[in-house]
Every structure is written in structure tokens, then in C-alpha cells.
Amino acid sequence: MDNKIIIFDTTLRDGEQSPGASMNSGEKIRLALQLEKLGVDVIEAGFAAASPGDFEAINEIAKVSSKINVCSLARAVEKDIKAAGEAISPAKNRRIHTFIATSPIHMEFKLKKSPSEVIKIAENAVKYAKTFVDDVEFSCEDAGRSEISFLKEVVDVAINAGATTINLPDTVGYRLPNEIYDFIKQMREFVGDRAIISVHNHNDLGLATANSLFGVMAGARQVECTINGIGERAGNAALEEVVMAIKTRKDIFKNLYTDINTKEIYPTSRLVANITGMEPQANKAIVGKNAFLHESGIHQDGVLKHPETYEIIKSCDIGLENDNIVLGKHSGRHAFKDKLKFLGFEPSEDELNSAFEKFKILADKKKDIYDDDIRALISDELVKIPEIYEIVTLSVNSCNKGHASASLTIKYNDEFISDSALGNGLVDGIFKSIDRITKITGVLKDYQVGAVTKGKDAVARVVVKVEFEGQKTVIGHGLDVDTMLASAKAYVGALNSYLNLRR
Ligand code: KIV
Ligand code: ZN
């Protein structure tokens, strides 16, 4: 059996199914390039048949990717498989991932199909997918609650039809590690070398990483996971946890390895948090902001005497490095460029100029600019969408008795338009003023605000999800030390994104 564990990243597909995590096409491409740098083997770029936007994003990723395998998900129906095959066609290495549910509850209530019908559908789906690509993955959705004798029948048919990877998801995160071990071991013995066995575990009981690792111990050679563990409901197995466990516990995993460049883990985690606005919890393993901090005196003393007293991983191994240079308003273009290089960014000359301009504006408002501030700023810059509306000025007024009000001037086609509105709070007032100026009404579906780094003058990151004209929900980001200005930028960013999609 091969010792390499294939890392199949599904941040752009299952991860994007997290409530509040949708990404626009530019963001998806930026993330795909970062995943390639991270060294993942397969990237599930989306679900091509879900919408024209999804199709386009997968297709663009397929065009820009060089060595990575680009995969699209497809239900076991011709229309989905055709869309998947067409979307990934520009990629050098490509895969179609088709699936159908195999558990009694899914077959009876969701699919309303008999087991023999499901087997036939699976066979036809794999055969049809093979007409587009050689590399076909077949998943038995809800395998974790399926009957093993039936799974063996379906899997056999799928392999004979040409599936090269068999994925056995614990779709609802129900299983315990010892159960996954026994299950994968049986399936592995049944399949032998006819196909690679893959695990895909959800985190409903907080066991997704443990279950994936037990799957690997039992013979799975592909793990499906997401950055920061984002995903449907409680999420998926976190890539950084699976990879670091395999690397750190060589005594258990022996010669097993992944091709992940672990130094890219932290930059990738920050990018996902910046794009989606979903911060990993502070105590999240590997990438949470407390993951390498020692608070108690006893621990600090131990670490000073010998780091391994309380540290099993070095922060630099995941790319959390510090050059001890904090930028500020006296830092010049050279220092800024050096810092970007240190953080692993290689912007074009135009991107650098524009990012430097933003940095200078920020440095006027904020004394110390930390690495995570720069990461947030450059992430915004690298996924910039054309600015149709641009905020010129914002002023707000609020008191604890009475209404809040906001006045804005916005630039549109070289014209400066000003208006004001009252609101139930400042954010409401700002968004209403923008609606009045642009004459496009948005319905706010989600609003998140967080501080990028520490201090009273910390940069606020606002992420909004807005539905415009009852048609499409888009997301927008805003960064500023002023939370209200960050909110206005996020809302106008969402509007620009919507208008660009409409063009
Ligand atoms: O959780 C799941 O079962 C899935 C499949 C579509 C692979 O995401
Ligand atoms: Zn899933």
C-alpha cells in the first residue's frame, strides 16, 4: 500500500456550504492558487451544476491551475456530470466526483429510490463521467449510516464502471473513531488495490479529525478536509489538524506522509478567514489565535527552560513566523515590499502600488501595523473587483436618546452624489443612505464584525451578505480602523460585486 496520503481539499465546495461562507469568483481563484502553493493534491473547486457562477469559478480555476488536480462535484445525474466535465476541461489534471446516497434513510426519504435503482444510477453515473475524464471519484453519501453489505455491492459496481477513488463519507458526523477504523478496514480489504479509499468526515460530534486519522490507520489513502475545518453545519475535518497530526506523530503514522508544505498552513488559514469573515475560534488547534500562547507562569517558565515542555509543534512549522518588524507611518515602500515578501506575497507592480497607498492611509490612523493587518489588507487588494461606486466621505451622528443618522458622498461615473438617512443605529443609517444614493435596495442577510489584531486602534474587518433587488445574495468586505467606515465599505463592496455579476 502506498505511504502517501492524498490531501483532497474541499474548502471551495463543502467549506463554502458553511452558513455565511460564500465567496465570489475572484476570491475562489485567489484561494485556489494559495491551495496549490500549500501543496494539496486535489482541489474540489465547486459544484459546477449549482449555478452559472459556480461553473465559471471552477472553469477559471481549471485555467489558472498548473499541477494541481481540479475536481468538480456532480450528483449522479447526466446534467451535473456534463457540467462538471465541461467546467474542469481546461485543467491538466482533472477529476469528476459523483455521488449518490446509500443509507436506508436517505434512499427511502430523500431519493425515494430502491437499493437496486441506486446501484444502477451509480453505475451509469460513473460510466458517463468516464466519457469526460479518466479520474473518477465515487462517493456513497451517508456511508457512515449505510449497511456494509449494500455498500460493498455499490462500491463493486462503481469500481467495475471505472471509479478510481471510493469515498466513504460520514456525512452527518455520527461515527466514533473505533467504528470508522473497523468500517474502513473492512472496506479496504474488500476493495484491495482496485481503488483508493477516501475518508470524508463531518464534525457534528467534534470527531472529524480523529475519525479521519483512524480512517488513515485503517488503510484510507485520501483524506477530504477543509482549511480551518469550515463546512456544512459543524464543519469538516480540518486540513491543518490532519496534516500536523500525521507529521507530529511519526511514532504512530510511521512512513505515512502528505505533500503539504506546512509553512503555508497559517497564511492559508488567514486567507480563508479574511475572505469568508469566519475567524477560527481562539482555541482552535493549530491555527487559533491562542494555539501557541502560554498564559500560566508555570508553562511560561517551562517553555523558557525547554520549549518542548509545553510545545509539541513549533509555530514556525505552520508558517507563523515573526521577523520582529512592526510597520508604522514612517515605514517606506521598501520596508512594505520586504514585509510582503516575508509573508509570502508576490504582488504585481500595480497591486503593490495600490496596496502601499492603502497601507499609508492605514498608517496615518493606526500606530503599529502587525503582520495580520498586512495579510488582511493584501488579501483585499488581490481580490479587488472593479469599483463602480466608491465612498468619498462618511459622517455619522448618534446619541443614546434618539435616532442615529449617516451622511455619505459616493462617486459614481465621475459624479459625486450625497445623501443622508436616519436609522435604527448607525449601521442601519449608513446602509439606508447608500440605498438612497444608488437607488438600489439591499436586504442585509448577515453582518459580522471583528478586530484583525489587537489594540484600541485595531483594524475592524466587516463582512456583509446582502441580497440586492430580490435577485442575488453577494458578500462584501470592508477594512478600516473606523468600524462604521468599514461597514460602509463592505456594503458598497457587496453592491459593486452584484453589479459586476450583472454586467
Ligand atoms: O458529506 C458528504 O457526504 C459530502 C458528499 C457530497 C461527498 O459532502
Ligand atoms: Zn461533506
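The values are calculated or read from the model by the stated rules, or taken from the named source; none is laboratory data. These figures come from a predicted structure and were not determined experimentally. No Cβ is skipped: glycine too gets one built from the backbone with ideal geometry, and neighbour counts run over all protein chains shown.
Observations, loosely collected:
- Among the candidates 181, 174, residue that is away from ligand 2 (no atom under 16 Å from the Cβ) and among the hydroxyl-bearing types (Ser, Thr, Tyr): 181
- Test for residue 462: is it under 20 Å from the mean Cα position of the chain (by Cα), in a strand (DSSP E or B) and within 24 Å of residue 412 (Cα to Cα): yes
- Identity of the residue in segment 204-221, surrounded by fewer than 24 Cβ atoms within 10 Å (Cβ to Cβ) and not aliphatic (A, V, I, L, M), that ends up nearest to residue 171 (Cα to Cα): 204
- The sole residue among 446, 482 that is outside the structural domain of residue 25 (by TED's automatic domain parsing) and in contact with a Gly (Cβ under 9 Å, 6 or more places away or on another chain) is 446.
- All positions within segment 487-500 that are hydrophobic (A, V, I, L, M, F, W, C) and either over 22 Å from the mean Cα position of the chain (by Cα) or closer than 17 Å to residue 439 by Cα (or both): 488, 492, 494, 495, 499
- Looking at segment 165-244, the strands (runs of 3 or more DSSP E) lying wholly inside it that each contain 3 or more residues that are within 11 Å of ligand 1 (Cβ to nearest atom) and farther than 20 Å from residue 318 by Cβ sit at 165-170, 196-201.
- Taking segment 220-233 as the range and being away from ligand 2 (no atom under 11 Å from the Cβ) and among the small types (Gly, Ala, Ser) as the test, the residues that pass are 220, 229.
- Close pairs (7 angstrom Cβ cut-off, 6 or more residues apart or separate chains): assigned to a helix (DSSP H, G or I) in segment 262-284, at pLDDT below 95 and of a type in the set (Asp, Glu) anywhere: 270/372; 273/279; 275/27
- Any chance residue 289 is away from ligand 2 (no atom under 16 Å from the Cβ), crowded, with 18+ Cβ neighbours inside 10 Å and in a loop (DSSP other than H, G, I, E, B): no
- When residues of segment 141-164 are limited to those that are assigned to a loop (DSSP other than H, G, I, E, B) and in contact with a His (Cβ under 9 Å, 6 or more places away or on another chain), the one nearest to ligand 1 (Cβ to nearest atom): 142
- Strands (runs of 3 or more DSSP E) lying entirely in segment 364-457 (those with 2 or more residues that are of a type outside the set (A, V, I, L, M) and at pLDDT 95 or above): 389-397, 404-412, 415-423
- Scanning segment 48-73 for residues that are of a type in the set (Gly, Ala, Ser), out of contact with any Gly (no Cβ under 8 Å at 6 or more places or on another chain) and under 24 Å from residue 6 (Cβ atoms) turns up 48, 62, 65, 66.
- When each of 91, 87, 45 is tested for being within 16 Å of ligand 1 (Cβ to nearest atom) and hydrophobic (A, V, I, L, M, F, W, C), the lone residue that passes is 45.
- Residues that are out of contact with any Gly (no Cβ under 9 Å at 6 or more places or on another chain) and among the β-branched types (Val, Ile, Thr) were ranked within segment 288-319; the one that is farthest from residue 274 (Cα to Cα) is 298.
- Candidates 236, 261, 290, 255, filtered to the one that is polar (S, T, N, Q), farther than 24 Å from residue 342 by Cα and over 16 Å from the mean Cα position of the chain (by Cα): 255
- For residue 105, the test of being assigned to a helix (DSSP H, G or I), within 14 Å of ligand 1 (Cβ to nearest atom) and either without any contact (Cβ under 8 Å) to a residue 12 or more places away in the chain or β-branched (Val, Ile, Thr) (or both) is passed.
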